[in-house]
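Trainee: Sending over a structure as structure tokens; questions will come in a sec.
The values are calculated or read from the model by the stated rules, or taken from the named source; none is laboratory data. This is a predicted model, so every value here is computed, not measured. Note: areas computed on protein heavy atoms with side chains; ligands, DNA, RNA excluded. Shrake-Rupley method; radii C 1.70, N 1.55, O 1.52, S 1.80 Å.
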Amino acid sequence: MTHRQSRRPADSGPFLPLRTAVVLLTALDFGLIIGGLTALTGAHPAAAVIAGLTTAGASTAALRTLIN
């Protein structure tokens with residue numbers, strides 16, 4: 001029998017640091033909420049997508065400075 005070795009190095013860390021993951025997931029949540037609320041107002045779907053993307057982008061920068 002041959003011994004299979006893992007291709008992952010023993011000292012490799014997580015794919016994303018915890019702080020980065022929290023910032024990105026929170027920004028995604030904000031973007032989805034604002035985009036959904038915009039869509040519920042009866043706005044054009046493209047306007048709802050633009051509102052969600054703008055919110056996610058702007059909140060990423062704000063959350064990065066707030067979460068330390």
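Trainee: L16: modelled with pLDDT of 80 or more, assigned to a helix (DSSP H, G or I) and of a type in the set (A, V, I, L, M, F, W, C), yes or no? Talk me through it step by step, then tell me what you get.
Mentor: On the way: modelled with pLDDT of 80 or more: yes; assigned to a helix (DSSP H, G or I): no; of a type in the set (A, V, I, L, M, F, W, C): yes.
When the stated conditions are applied, L16 does not pass them.
Trainee: Ok, one more. Can you pull out every residue in the range 27-42 that is open to solvent by 40 Å² or more (accessible area, probe 1.4 Å) and either closer than 18 Å to A58 by Cα or of a type in the set (A, V, I, L, M, F, W, C) (or both)?
Mentor: Initial filter on the range 27-42 (open to solvent by 40 Å² or more (accessible area, probe 1.4 Å)): 28-30, 32-34, 37, 39-42.
Of everything in the range 27-42, those that are open to solvent by 40 Å² or more (accessible area, probe 1.4 Å) and either closer than 18 Å to A58 by Cα or of a type in the set (A, V, I, L, M, F, W, C) (or both) turn out to be L28, D29, F30, L32, I33, I34, L37, A39, L40.
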